[in-house]
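Taking it in order: structure first as structure tokens, then the write-up.
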Amino acid sequence: MAWIQRQGLPRGGLGRRLHRVAFCFALFGLALGAAAAPPATERFEAALAAAGAGHPALGRFRLEPLLHQPRLPRSQRAFAYYLRGVLFYREGRYVSAGQDYQRALEFDPTLAPARSALAWLHLKGLGVSKAPARARQLYTLAARQGHQEAQFNAAVLREQGLGGPVDLAGALHYYLAAAERGHEEALLRAGELHAQGQAPAAAQPRIEALLAGAAETGQGDAPYLLATVWLPEDPARALPWLRQAAEAGLAQAQFVLAEQLEQQETAEEALLWLKTAAKQGHRAAQRRLAWSFESGTLAPRDLPEAVRWYTRAAAHRDAYAQTALARLKWTGQGTAKDTPGALALWRDASRQGFEPAQRALAWYLATTPAPKPQDAQEAQRLAEPLASRDPSAENLALLAAAYAAAGDFEAAMRWQRAALAAAPANLPSTTADPAALRRALASYENKERYLEPGILTP
């Protein structure tokens, strides 16, 4: 009877987990060999049956005779302690679990499942001292014995620098060792490292061969990762795998396939895959679909449809979609004019550090007919870092308007002159109108704010 328990530790933006697996006797007991005494085998199986039925305490009771049988081989006695530790863990009795794992290692210091289980407790500080370095050591020892889950965990600790320095080469070594033993998540992580350009050249053929084998059986994200690895250098080779992943329902693959088809000017199919990914909630697909309807690329221009898809992406706080939707609400294109709604969207996108939203919000605050002191202050707070990072005509004019809103026309004139000086060099990539820039400067020279649209549009 197979019984596997897994616990997870979040792994950053990758969304993956660090696992500890309590291997059942059906998986590990065979390693004890035919020398296992029949009574011991029967009690192991009875204990697992009880645990599998939701009665770990009964399972522990059935193991008790083995723990005190001096004539039982040490390897089997060690396994009995390990298994009881697993059952204690199942009940949340971590101190007892840790004690039994330690006792198991006293009888058999090489018992890989006990090493792996104890490593998890030390990593999390469950019933034992929290000691990531000890966890890393135990996982490494078990990984060297070929314990698949320990190999994966040893790789994770090396990749994340837990319990020791970051060691990507060592992490990849253990990911591949686990992958070759059939660990799907380890293979996918190795594939991700390759796709991100972090795998050494010597390891790349090995990763690609494993991915190809997994992709042929449609295993998880393997087709998509294989396509990602090959796409930059050989799109024709990658495209069938990308299509396979898209047809399997992977939204990211559908989005990337749509991009590839768009480059090949296959607009109708590109639009189909873009819609498919967008309907699954893929934010990049939603905003790209919205832009397609707004701009008339891939499909006829349809502003209400653009608003619909921008709204769906903005609901997930996608800053680009929020800013684009705010622009349409501001101007009343494809939807009712909604100034408060537009400002709320710009504010949220600005808080996320999205510069186009910060620019639009700052311009509104700087040119509102009756600014409050806090409006001018906020406009300056937004405009100053924009102008510092990118002293373009738009950003410098924005900073000038912010100072004018605060009544500091000397500073406004100084920054407006800088904007005019920057305009010729920036004209190919700017929306700033030199005539409007000059009118704004004239207003500041007369100690008047410039409210005419034309320099920037939200």
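Which residues, counting only those in region 233-284, are farther than 16 Å from Arg312 by Cβ and of a type in the set (Lys, Arg)?
Arg237, Arg243
Check Ala360, Ala336, Ala393 and return the single one that is closer than 30 Å to Ala306 by Cβ and modelled with pLDDT of 95 or more.
Working: Ala360 fails: modelled with pLDDT of 95 or more; Ala393 fails: modelled with pLDDT of 95 or more.
Unique residue meeting the criteria: Ala336.
Out of (1) surrounded by 23 or more Cβ atoms within 10 Å (Cβ to Cβ); (2) touching a Ser or Thr at 6+ places or on another chain (Cβ under 6 Å); (3) of a type in the set (A, V, I, L, M), what's the single condition that is false for Ala195?
Among (1) surrounded by 23 or more Cβ atoms within 10 Å (Cβ to Cβ); (2) touching a Ser or Thr at 6+ places or on another chain (Cβ under 6 Å); (3) of a type in the set (A, V, I, L, M), Ala195 violates only (1).
Which pairs turn up if I take residues in region 70-92 that are in contact (Cβ under 8 Å) with a residue 12 or more places away in the chain and part of a loop (DSSP other than H, G, I, E, B) and look for partners that are crowded, with 24+ Cβ neighbours inside 10 Å and of a type in the set (Gly, Ala, Ser) with beta carbon separation below 9 Å, at least 6 apart in sequence or on another chain?
Leu72/Ala80; Glu91/Ala97
Go through region 198-249 and give me each residue that's among the basic types (Lys, Arg) and exposed (fewer than 15 other Cβ atoms within 10 Å of the Cβ).
Looking only at region 198-249, we keep the residues that are among the basic types (Lys, Arg), and these are 206, 237, 243.
Within region 198-249, Arg237 is the sole residue that qualifies.
Given the criterion over 28 Å from the mean Cα position of the chain (by Cα), surrounded by 18 or more Cβ atoms within 10 Å (Cβ to Cβ) and assigned by TED's automatic domain parsing to the domain that holds Glu265, identify the matching residue among Gly334, Gly296.
Values: Gly296 fails: surrounded by 18 or more Cβ atoms within 10 Å (Cβ to Cβ).
The match here is Gly334.
How about region 94-114: which of its residues are assigned to a loop (DSSP other than H, G, I, E, B) and acidic (Asp, Glu)?
So in region 94-114, the residues assigned to a loop (DSSP other than H, G, I, E, B) come out as 108-111.
Answer for region 94-114, where residues must be assigned to a loop (DSSP other than H, G, I, E, B) and acidic (Asp, Glu): just Asp108.
If we keep just the residues of region 367-384 that are of a type outside the set (Asp, Glu), part of a helix (DSSP H, G or I) and in contact (Cβ under 8 Å) with a residue 12 or more places away in the chain, which is nearest to Ala435 (Cα to Cα)?
Let us first name the residues in region 367-384 that are of a type outside the set (Asp, Glu), namely 367-374, 376-377, 379-383.
Now drop any that are not part of a helix (DSSP H, G or I), which leaves 367, 373-374, 376-377, 379-383.
Now restrict to residues that are in contact (Cβ under 8 Å) with a residue 12 or more places away in the chain: 367, 373, 376-377, 379-380, 382-383.
On the way: Thr367: 18, Pro373: 29, Ala376: 24, Gln377: 27, Ala379: 23, Gln380: 24, Leu382: 25, Ala383: 22 Å.
Per the criteria, the residue is Thr367.
Looking at Glu184, Glu259, Glu216, Glu192 in this structure, which one is without any contact (Cβ under 8 Å) to a residue 60 or more places away in the chain, of a type in the set (Asp, Glu) and within 26 Å of Arg287 (Cα to Cα)?
Glu259
Between a residue in region 101-122 that is farther than 17 Å from Arg144 by Cβ and any residue that is charged (D, E, K, R) and buried (at least 18 other Cβ atoms within 10 Å of the Cβ), which pairs come within a Cβ distance under 6 Å, given they are 6 or more apart or on different chains?
Every condition considered, the pairs that remain are Phe107/Arg77; Trp120/Arg20.
Given the options Arg389, Arg414, name the one that is under 24 Å from Leu345 (Cα atoms) and either crowded, with 16+ Cβ neighbours inside 10 Å or basic (Lys, Arg) (or both).
Working: Arg414 fails: under 24 Å from Leu345 (Cα atoms).
Going through Arg389, Arg414 in turn, just one is under 24 Å from Leu345 (Cα atoms) and either crowded, with 16+ Cβ neighbours inside 10 Å or basic (Lys, Arg) (or both): Arg389.
What residue, among those in region 124-159 that are among the small types (Gly, Ala, Ser) and part of a helix (DSSP H, G or I), is surrounded by the fewest Cβ atoms within 10 Å (Cβ to Cβ)? Walk me through it before giving the result.
Pass one, region 124-159, residues among the small types (Gly, Ala, Ser): 125, 127, 129, 131, 133, 135, 142-143, 146, 150, 154-155.
Next, only the ones that are part of a helix (DSSP H, G or I) stay: 133, 135, 142-143, 150, 154-155.
On the way: Ala133: 13, Ala135: 28, Ala142: 26, Ala143: 25, Ala150: 30, Ala154: 32, Ala155: 30.
Among those that are among the small types (Gly, Ala, Ser) and part of a helix (DSSP H, G or I), it is Ala133.
The values are calculated or read from the model by the stated rules, or taken from the named source; none is laboratory data. Nothing here was measured: the structure is a model prediction, and the numbers come from that model. Please note: Cβ atoms are built from the backbone with ideal geometry, for glycine as well, and neighbour counts cover all protein chains shown.
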